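Accompanying notes for the structure given below.
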Amino acid sequence: MATEATAPAAQVGLLAKLCEGRERILREVRKVIIGQDAVVNDVVTSFFAGGHCLITGVPGLAKTLLISSLGRAMDLTFRRVQFTPDLMPADITGTEVLEEDRATGSRKLVFRPGPIFTNILLADEINRTPPKTQAALLEAMQEHQVTVSGTTYALKEPFFVLATQNPIEQEGTYPLPEIQQDRFMFSLLIDYLPKDQEVEVIDATTSTAGAQPEVCMTGGELLEYQGLVRRIPVAEPVISYAVSLAARSRPTEAGAPAFIKDYVSWGASIRASHYLVLGAKARAALAGRPHVSVQDVQSVAYPVLRHRIITNFRAESEGISSEEIIKRLLDAVKPPRSGL
């Protein structure tokens, strides 16, 4: 495993630039976003890891403003789609229209790209649209491409889907299918601000002064840093620990703890293990470290696992959430003895 002493000088220098870039981005975002530090840090982590984010919270907590501010700070194109019950898949991906050449009178089908052809797609209130339209994002999120009438169109890079959803108890919502939830690297929860921060927000939003984020990173630089994140080495015991966290969350696993068998219907997929390691790499890189520790894996356990561990009726009746399951899982799965 590479260490500070053995890591190539070029990589160490690039890591230093990445840390500086992260601080600039956070500084610009904080011009318009007050508080919510954990959510902001997790979204930035997913950007540099190249993953998608699902953010759950009640309306009016600045979810849209946070995402659009990140887009401005990174000089990325940003499109917002308000998901509604009558939204159709073609409204997102685009469609073919029949156009006539006025000079020759000939007609042909021309593809008109939808709002998904952007760097950052904000799928606002994604659980307010039926599953058919939700599924229009599946190919784009996984393969970064869209297929319309048998023709495949590549999306712009970098490409992120940041979806927001209201708590499912609210009227007029459709639960996201598990297969679609699994496409999101992180699932984040955003809550009300403390009173002093809410006072600060109201003071800022009711005055004439309004700061805007300035560009501090280009899309090309972001792609370069994403490549750097994937080159961060990970020791085999750390990978084994991440795999064990995901595997022990499955009730069918031989070594699963008793509370998993009692309270979980479906555990985390293999994609969870992938994102635990990739998220840990991003955490290490953003901290300027050319190696990954167990603590990096643990730091992304909640956002990676909370939407992948599906509790059963017994858990719901006893008030045990996926958050509690993850807490118990982190206690039950022992990290490597080497202290990585």
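Just a few scattered comments:
- Options Ile179, Ile202; residue that is farther than 19 Å from Thr64 by Cβ, outside any strand (DSSP E or B) and among the hydrophobic types (A, V, I, L, M, F, W, C): Ile179
- In the set (1) surrounded by fewer than 19 Cβ atoms within 10 Å (Cβ to Cβ); (2) within 21 Å of Phe184 (Cβ to Cβ); (3) out of contact with any Lys or Arg (no Cβ under 7 Å at 6 or more places or on another chain); (4) not aromatic (Phe, Trp, Tyr), Gly319 fails one condition alone, (2).
The rows are residues; the columns are (1) under 20 Å from Glu236 (Cβ atoms); (2) crowded, with 18+ Cβ neighbours inside 10 Å.
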position: Gly255; (1), (2): yes, no
position: Trp266; (1), (2): no, no
position: Tyr275; (1), (2): yes, yes
position: Gly279; (1), (2): yes, yes
position: Ala284; (1), (2): yes, yes
position: Gly288; (1), (2): no, no
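- Positions within segment 44-66 being touching a strand residue (DSSP E or B) at 6+ places or on another chain (Cβ under 7 Å), buried (at least 23 other Cβ atoms within 10 Å of the Cβ) and of a type in the set (Val, Ile, Thr), in sequence order: Ile55
- Pairs where the first residue, in segment 85-108, is free of Cβ contacts under 8 Å to residues at least 60 places away in the same chain and more than 30 Å from Ile126 (Cβ to Cβ) and the second is of a type in the set (Lys, Arg) and not in a loop (DSSP other than H, G, I, E, B), C-beta under 6 Å, 6+ apart: Leu98/Arg107; Glu100/Arg107
- Check on Asp191, farther than 20 Å from Glu20 by Cα and assigned to a loop (DSSP other than H, G, I, E, B): yes
- Taking the conditions (1) modelled with pLDDT of 85 or more; (2) hydroxyl-bearing (Ser, Thr, Tyr); (3) assigned to a loop (DSSP other than H, G, I, E, B) in turn, Thr208 satisfies each one other than (1).
- Members of segment 194-220 found to be among the aliphatic types (A, V, I, L, M) and within 25 Å of His52 (Cβ to Cβ), listed by number: Val215, Met217
- Among (1) under 26 Å from Thr218 (Cα atoms); (2) at pLDDT below 85 - the single one Glu198 does not satisfy: (1)
The values are calculated or read from the model by the stated rules, or taken from the named source; none is laboratory data. None of these values were measured; they are calculated from a predicted model. With ideal geometry, Cβ positions are generated from the backbone for all residues, glycine too; neighbour counts draw on all protein chains shown.
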